[in-house]
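Colleague: The following block contains the structure, expressed as C-alpha cells.
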C-alpha cells in the first residue's frame, strides 16, 4: 500500500499583506511544496500580489483580501471580513508578517474556529524610529504573537523578541531565496546599458526604496568617497527597486550630483549581479534578505550592515559595518574596490557561506513538518 502524503486531504491558507519583494516570493515558493505534500493551498492577499507573483500559476487558489502594510482601521475591518469568508473549510492558516497576522488572528477569533491552527512568520522587525505609532505597533505585535499557535522567525533576534512578547512556540526558520534564472546578458552588455566606461566600477544595491533599507546612509557614503577622491575612477552606484522614497532620493541625487542611478523595479537582478564589482546592503534591519543570499550565491562581493539577522546569515562571507555609519560603509566599499585580492577572497568566502544554507527542498520539508505537527492525525474519512 502506497504511503499517504503527509498533508493528504488538508486545506492550508497562506495570508500576506501587500508585498513587492521577498515575502511574496517566499509565499509563492511554498505553494508547490505544500501541494506536493497533499494539501490544497489558498493564498489570500492584495490583488497586486497575484499580479506580481502568480500564485495561481504555482497551483494555488487566490482570494483577494485587501491587507495593507500600514495601519488603516477601516481597511483592516474590511480585510478581516474578507478573510473570515476565505477561511471557510481551511484546516490551517499561515500568516506572513505582522499585518497579515493581526488580520488572520482577528478573523479566526470572529469565526469561532479557535481549534484551527494559526502559524505566524515574522519576516521583519518594527524599527525603533517608527515615531508616534511605535506604542501602537508594539501592542499589535504582542497581540498577534500571542494569538499564534506557532511563531516562525526568519532570524534569531526576531525569535528572541517573540519569546519576550509571550509566544507559545517559536522556531527559527530562515526564508530561503529561491534560485533566480541565470543571467541572460553578459557583463559587457549590462555595463553598456548603464553607460559605464571601461574600468569604471559598478556598485549595486537591490531592494525597496524604503527607510528600512538605509539608502540615505548609502548616499552619504557615496558623497564621502566622492569628496576624498580615494577611488579613481569613482564607481557608479545603481539601485534596483521602487518604493515610497523614490522622489526624495531622486531629488537628493540631482541636488548633490551624485553618481547614482535609480533603476526602478528590475527583473534582471541576475544580470546586474553578474556585472557588478560589489553589492551593498546598507539596511537598518534585515532578517534573511534575498538580496544578500543572491549576491553570495553569484560570487559578487558583499558589504553589509550588521543589522538584525545578517551576521548569522552571512558569517565571514561579507564585510560587515555598523548600522547607520556612512564613514564605515564608505571605507569598506573603498577597500573592496581598491584591493582585487580582498575582493576575490570575499567572493570565495561568500560562496562557501552560501553552500551552508538549506536549499528550497530542505526548507519546504521543514515547513511541511510544522504543518503536520500542528494538524496531527489525517481528517476522518480520508482514504
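Colleague: Quick one: how many residues across region 228-263 are modelled with pLDDT under 95 and within 23 Å of residue 197 (Cβ to Cβ)?
Modeller: Of the residues in region 228-263, 7 are modelled with pLDDT under 95 and within 23 Å of residue 197 (Cβ to Cβ).
Colleague: Can we say residue 364 is in contact (Cβ under 8 Å) with a residue 24 or more places away in the chain, within 28 Å of residue 210 (Cα to Cα) and either part of a helix (DSSP H, G or I) or out of contact with any helix residue (DSSP H, G or I) (no Cβ under 8 Å at 6 or more places or on another chain) (or both)?
Modeller: So residue 364 does not fit the description; no.
Colleague: Quickly run through region 103-122 and pick out the residues that are surrounded by fewer than 24 Cβ atoms within 10 Å (Cβ to Cβ) and either modelled with pLDDT under 90 or within 17 Å of residue 139 (Cβ to Cβ) (or both).
Modeller: 105, 106, 109, 110, 111, 112, 113, 114, 115
Colleague: With 332, 369, 347 as the choices, which residue is assigned by TED's automatic domain parsing to the domain that holds residue 158 and in a helix (DSSP H, G or I)?
Modeller: 369
Colleague: Select, from 204, 152, the only residue that is at pLDDT 95 or above, outside any loop (DSSP other than H, G, I, E, B), under 30 Å from residue 359 (Cα atoms) and assigned by TED's automatic domain parsing to the domain that holds residue 92.
Modeller: 152
Colleague: Going by what's in this entry, would residue 232 be described as surrounded by 17 or more Cβ atoms within 10 Å (Cβ to Cβ), part of a loop (DSSP other than H, G, I, E, B) and assigned by TED's automatic domain parsing to the domain that holds residue 321?
Modeller: no
Colleague: Okay, next question. Taking region 196-228 only, how many residues are surrounded by fewer than 13 Cβ atoms within 10 Å (Cβ to Cβ) and closer than 20 Å to residue 256 by Cα?
Modeller: Total meeting the criteria: 2.
Colleague: Also, quick follow-up: Inside region 150-166, can you point out the residues that are touching a strand residue (DSSP E or B) at 6+ places or on another chain (Cβ under 7 Å) and more than 15 Å from residue 97 (Cα to Cα)?
Modeller: 156, 163
Colleague: Now for a different question. Answer with yes or no whether residue 186 is out of contact with any strand residue (DSSP E or B) (no Cβ under 8 Å at 6 or more places or on another chain) and within 21 Å of residue 92 (Cα to Cα). Full working, then the answer.
Modeller: On the way: out of contact with any strand residue (DSSP E or B) (no Cβ under 8 Å at 6 or more places or on another chain): yes; within 21 Å of residue 92 (Cα to Cα): no.
Judged against the criteria, residue 186 is not a match.
Colleague: Hey, another quick one. Only one of (1) in contact (Cβ under 8 Å) with a residue 40 or more places away in the chain; (2) in contact with a strand residue (DSSP E or B) (Cβ under 6 Å, 6 or more places away or on another chain) is not met by residue 351, so which one is it?
Modeller: For residue 351, the exception is condition (2).
Colleague: Further, regarding this structure: Give 297, 254 a once-over and let me know the one that is in the same structural domain as residue 194 (by TED's automatic domain parsing), without any contact (Cβ under 8 Å) to a residue 12 or more places away in the chain and in a helix (DSSP H, G or I).
Modeller: 254
Colleague: Out of curiosity, is residue 337 modelled with pLDDT of 95 or more and either under 21 Å from residue 170 (Cα atoms) or assigned to a helix (DSSP H, G or I) (or both)? Before you say what the answer is, go through the steps one by one.
Modeller: Details: modelled with pLDDT of 95 or more: yes; either under 21 Å from residue 170 (Cα atoms) or assigned to a helix (DSSP H, G or I) (or both): yes.
Answer is yes for this residue.
Colleague: Identify the single condition in (1) over 30 Å from residue 151 (Cβ atoms); (2) not assigned by TED's automatic domain parsing to the domain that holds residue 289 that residue 172 does not satisfy, given that it satisfies every other one.
Modeller: In the conditions (1) over 30 Å from residue 151 (Cβ atoms); (2) not assigned by TED's automatic domain parsing to the domain that holds residue 289, residue 172 misses (1) alone.
The values are calculated or read from the model by the stated rules, or taken from the named source; none is laboratory data. As the structure is a computational prediction, the values presented were derived from the model and not from experiment. Glycine also receives a Cβ, built like all others from the backbone with ideal geometry; neighbour counts cover every protein chain displayed.
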